[in-house]
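The values are calculated or read from the model by the stated rules, or taken from the named source; none is laboratory data. Here the structure is a predicted model, which is why all the values come from computation and not from measurement. Backbone-built Cβ (ideal geometry, glycine too); neighbour counts: all protein chains shown.
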Amino acid sequence: MSLQIDLIKAKSLKESIYTAILSIILAIITILVMITIFNFYNLTLNMDNLIEYGVRDILSNPENIAGMLYWTTPLIFSGLAVAIAFKAGLFNIGGQGQMMIGGLFSAIWAAEIIPKSGINFMNTKIFLIPTTILIGFIAGGIWGMIPGYLKAHRGAHEVIVTIMMNLLAINVATYLIGSNSYSPFLDKTSKDAHSQTDKISPEAQLQPLFPEVSSRLNISLFLGVVLIILIYILITKTNFGYKMRAVGLNSIAAESAGIDTKKITTLTMALSGGIAGLGGTFMVMGTYPFRYQIGMEGTLGFDGIAVSLIAQNSPFGILIAALFFGFLSQSAYNIDIKTEDVPPDLLYILQALVIIFAATPLISKKIISQLVYTKNFLKKKWNQASDPTEEKQ
Amino acid sequence: MNEGNQAINNKKVILSLNNISKFFSKTIALDDVSINIHEGEILAILGENGAGKSTLMKILCGLFKPDTGSISINSKWFNQGDEQDFVDIQFANPRESMKCGIGMVYQHFQLVNTLSVKDNITLGIEQTYRYTPLINAKETTRLVKELGDMYGLPISPNSIVEDLPVGLKQRVEILKQLYRNANLLILDEPTAVLTPTEVEELFKTMRKLRDAGKSIIFISHKLYEPMEIADRIIVIRKGKVVGETSPSQTNESLLAEMVIGKKILQQLDRKKMEKGQSILKLKDIYVKDQDDKEFVLNNINMEVFENQILGVAGVQGNGQTELVESIIGIRRLSSGEIKFTNIKNDVIDISELSIVERLNQGIGYIPEDRNSKGIILDFRLNENVWLAFHSQDLSLTKELNKLTDENIQDQDSDGVANPDNKILKLVINLKQKIILPFHLMHRLTQTIINNYDVRTPSDDTIIKNLSGGNQQKVLLGREFIKNPRLIIASQPTRGVDVGVMEKVHLELINRRNEGSCIILVSSDLDEILKLSDYIVVLYEGKIVGQGSIDELSTNDISQLMTGGKILEVTI
């Protein structure tokens, strides 16, 4: 797990930013090379359309901006989940499963349990919205805590266990809403073939902030930003964050100093899972059709790993990385519906390339050191060149 | 080349380092160093930590490139041709230097523990059946055996390295280099991990190798070893060669002056003190290893008192780590009890408490391995200091504030007021539980920096940027400043130079005189003898001997350390 150690080590801010920007630039260069090769083989690709619908349209059309922010929101949560686990030296790749479970149980809470309980005062905005969020957090948290507990007390590697928990999450969802015969929470009245819960109570639905622009943008984006700030404070300013970092950087030293590493490991994984769970919850609460559908989260949980990787686990970096990924997703979506000359898969390739370059810090490190060297060399030359002229004067 | 020297030694120069300099960003690691190495001699290189010894050796074995200067070698000697002339050479990597016949034996063995001796020795240059990649085990065994016999270093080729004692592991390392046709062996602090008997064995080996015509560079920070073994001694200080001498021309104290550059401080004032009340009492301690199979501590009974330094002697890996860790609580006891007299003078059984609870009873812990157990290298200085305080009951904040130096000015005032309002009190308590007290961290760190002379740009420098000695000062400082009843110091001077070592010793003695009770674990027998009032010797997890410093002789202890037996080689 040397990658893991490498990622949580203290890096200068400059270095992280350079690495992130460089990996994006390198990815773009690579994709341009690819496009050139495609064109060479007459698989023509309309560059004008790519720029028009892939970039310009996204940044100028409010609807597309809203779309980009819509994709950004769950990525903030799944990215933060990965980043906070990394701080404690844990590699949570179970964001996907935690997101599913968070979304599923908050949907069950807001669509089945509360509306069908018949207790009216509970079916109000002021009660339902906070509790639904809480249920998502707790459900995801438990899903994350199990690998954390097993890691701390039984030494099971969290990567293996979180992968298993992802599969388990799918099966739990299938059991609860997948079958016509035995699933208790399947919406049997609906005509479409989705495995889905009932529509959640209107009281639990988050209203769009700018209904005239987009129905998909709601308060959850801002809650995500607030969460970023809270996590930043947690990591840098609090006792818990201090212990978390100590465990992440050197768990043996932390234990020798009396930090309860087992507790910290379990709690961090729970927190991480809870944050990922929130991502799923807000997808259910804020997006049409306001239900949990199996597969609705796509690969957003896994994409959180990439977001965190590019952000180098810095909370504020996650905002930027999530925006970038949101941009790519919306761009691919926009290209898909508006033009036929450009394959939207290109954007997904770009996304993957960015991840590859960010995951191999050696490449960017080498380039950075080469650039610094060249800069110094040129400076020297420049000074040498300018010195004689000064003497002449 | 350098005829004068040649005449004195009547031996051929086989390798010379000419005016080597090496810079690391702004610091000079080596400054114009020139050294000649002759055929068939043992050359000792002495110097403090950070004097440049290891940088020089790394240049010699190809890990670093010198910034200026050159290395020239006798081409015949180093398998580079038949003519006896000097060639300048640059080693791009360790492989190239190995090809030239330079073999480095590192302090930390580069062996694969689970493989057999012969596999380790031939690793990379295996004997195979002709035209196949299949390893010829018979031939390998024969070759390794032959090699051992040739140099008088018998070893059994088929035993697994893991099972060998340290002395034999080192022998495997040496044979590995000889197998690769090394003509110049570099031994980097080879005696650090050995018992006195094993050191004797090593010296015998070195003499045999010298007589067989090999040259050896021997690096050490113990002064008496070069006096015993070396033909020539070169002293390096602050990257410069400050002198060259031979054992017949010098003595230990002269050598020490050369190494440090000034006279050593007077002997420690270890005045005799009556032991006070009992602080820690271990009774019938049994501890099992991590796999829960064998006992690593067997029936340990010991007692430590106020005003006493208890030295735990023993060869590394004989239960010292386990002993310390079971007192701290990192390891659980299988049976037995630990009675501890805490700060409030209550005698309590701490064997069931957690690590934090034990530390909070008044134990200061200096772990043996600073980098992996003591500090967190990527943490700031103040964060590292806080490691010793994070668990303190925070109503003690005022007490902690008192511990700090009064000269350090308050930067802000989040020191606790004494509010009457209960709710306000609760809020303040809660705040202290949740928020890191940066202000207090700053004060504690500044106090340690002032009191222990830590050289650092500021108190929030990341600690890996400090030198090892300064890191150790921080570690000691943070444990001492807690004013603990019991200090467990495990290898407190490992990897620090002579200057810092003296300071650490002085501080430990001071603590003892002020009434603390100290358990000192060290693999350096000299350190134990210098500081302890009472000594216990551990061997294979048992206490095989104990007594006050006057009752035990050095000889007794070193006999006990090896289980009362002289180490013998079995084939």
Here's a check for you: in region B:95-110, which residue that is touching a residue at least 40 places away in the same chain (Cβ under 8 Å) and farther than 20 Å from B:Ile14 by Cβ is surrounded by the fewest Cβ atoms within 10 Å (Cβ to Cβ)?
B:Gln110
Scan region B:355-377 for residues that are at the interface with chain A (Cβ under 7 Å from one of its Cβ atoms), among the β-branched types (Val, Ile, Thr) and surrounded by 19 or more Cβ atoms within 10 Å (Cβ to Cβ) and jot them down.
B:Ile355, B:Ile375, B:Ile376
Kindly indicate the residue of region B:452-471 that is over 10 Å from B:Asn382 (Cβ atoms) and either exposed (fewer than 15 other Cβ atoms within 10 Å of the Cβ) or of a type in the set (D, E, K, R) (or both) and also farthest from the other protein chains (Cβ to nearest Cβ) among those meeting that condition.
B:Asp453
If we scan region A:242-259, do we find a residue that is among the hydroxyl-bearing types (Ser, Thr, Tyr) and under 21 Å from B:Leu430 (Cα atoms)?
yes
Among helices (runs of 4 or more DSSP H) entirely inside region A:223-341, those with 1 or more residues being at pLDDT 90 or above and closer than 14 Å to A:Ser78 by Cβ are A:261-286, A:300-310, A:315-338
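Got a sec? Which of B:Tyr539, B:Tyr534 is over 15 Å from B:Leu310 (Cα atoms) and aromatic (Phe, Trp, Tyr)?
Residue meeting the stated conditions: B:Tyr539.
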B:Gly541 passes all but one of the listed conditions (1) more than 20 Å from the chain's Cα centre (by Cα); (2) surrounded by 20 or more Cβ atoms within 10 Å (Cβ to Cβ); (3) within 30 Å of B:Glu257 (Cα to Cα); the exception is number (3)
Which residue out of B:Asp163, B:Asp85, B:Asp149 is surrounded by fewer than 13 Cβ atoms within 10 Å (Cβ to Cβ) and more than 34 Å from the chain's Cα centre (by Cα)?
B:Asp85
Which of the numbered conditions does B:Gly81 fail, given that it passes all the others? Conditions: (1) assigned to a loop (DSSP other than H, G, I, E, B); (2) closer than 20 Å to B:Ile236 by Cα; (3) modelled with pLDDT under 85.
(2)
Of all residues in region B:203-222, how many are surrounded by fewer than 21 Cβ atoms within 10 Å (Cβ to Cβ), touching a strand residue (DSSP E or B) at 6+ places or on another chain (Cβ under 9 Å) and not charged (D, E, K, R)?
2
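Does B:Asn251 satisfy the criteria of being in contact (Cβ under 8 Å) with a residue 24 or more places away in the chain and in contact with a strand residue (DSSP E or B) (Cβ under 9 Å, 6 or more places away or on another chain)?
So B:Asn251 fails the test.
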Looking only at region A:244-255, which residues are surrounded by fewer than 24 Cβ atoms within 10 Å (Cβ to Cβ) and within 9 Å of chain B (Cβ to nearest Cβ)?
A:Arg245, A:Leu249, A:Ile252, A:Glu255
Checking B:Asn382 against (1) part of a helix (DSSP H, G or I); (2) under 21 Å from B:Val454 (Cβ atoms); (3) at pLDDT below 85; (4) within 14 Å of chain A (Cβ to nearest Cβ), only one condition comes out false. Which one?
(3)
Which numbered condition trips up A:Ala152, out of (1) touching a Lys or Arg at 6+ places or on another chain (Cβ under 8 Å); (2) part of a loop (DSSP other than H, G, I, E, B)?
(2)
With the condition kept exactly as written, say whether any residue in region B:444-460 is in a helix (DSSP H, G or I), in contact with a Pro (Cβ under 7 Å, 6 or more places away or on another chain) and among the aliphatic types (A, V, I, L, M).
no
Suppose we filter region A:115-148 for residues that are surrounded by fewer than 19 Cβ atoms within 10 Å (Cβ to Cβ), within 29 Å of A:Thr261 (Cβ to Cβ) and in contact with a Ser or Thr (Cβ under 9 Å, 6 or more places away or on another chain); how many remain?
1
How about region B:423-444: which of its residues are modelled with pLDDT under 80 and within 12 Å of chain A (Cβ to nearest Cβ)?
B:Leu430, B:Lys431, B:Gln432, B:Lys433
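Filter region B:505-531 for residues that are farther than 22 Å from B:Phe305 by Cβ and buried (at least 17 other Cβ atoms within 10 Å of the Cβ) and give the result.
Passing the criteria: B:Ser523, B:Leu525.
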When region B:143-159 is checked residue by residue, the ones that are of a type in the set (Gly, Ala, Ser) and more than 22 Å from B:Thr114 (Cβ to Cβ) are B:Gly152
Across region B:156-189, the tally of residues that are closer than 16 Å to B:Phe218 by Cα and among the acidic types (Asp, Glu) stands at 3
Counting only residues that are under 27 Å from B:His505 (Cα atoms) and modelled with pLDDT of 85 or more, region B:342-355 contains a total of 1
Within region B:284-316, can you find the residues that are part of a loop (DSSP other than H, G, I, E, B), of a type outside the set (A, V, I, L, M) and touching a residue at least 60 places away in the same chain (Cβ under 8 Å)?
B:Glu306, B:Asn307, B:Gly314, B:Gln316
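Give B:Ser351, B:Ser326 a once-over and let me know the one that is closer than 25 Å to B:Met561 by Cα and more than 12 Å from chain A (Cβ to nearest Cβ). Step through it out loud before you land on a result.
On the way: B:Ser351 fails: closer than 25 Å to B:Met561 by Cα.
Just one listed residue meets the conditions, B:Ser326.
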For the condition without any contact (Cβ under 8 Å) to a residue 12 or more places away in the chain and not small (Gly, Ala, Ser), what is the one hit in B:Asn513, B:Asn470, B:Asn465, B:Asn483?
B:Asn465
Is it true that B:Phe340 is away from chain A (no Cβ under 14 Å), surrounded by 19 or more Cβ atoms within 10 Å (Cβ to Cβ) and touching a Gly at 6+ places or on another chain (Cβ under 9 Å)?
yes
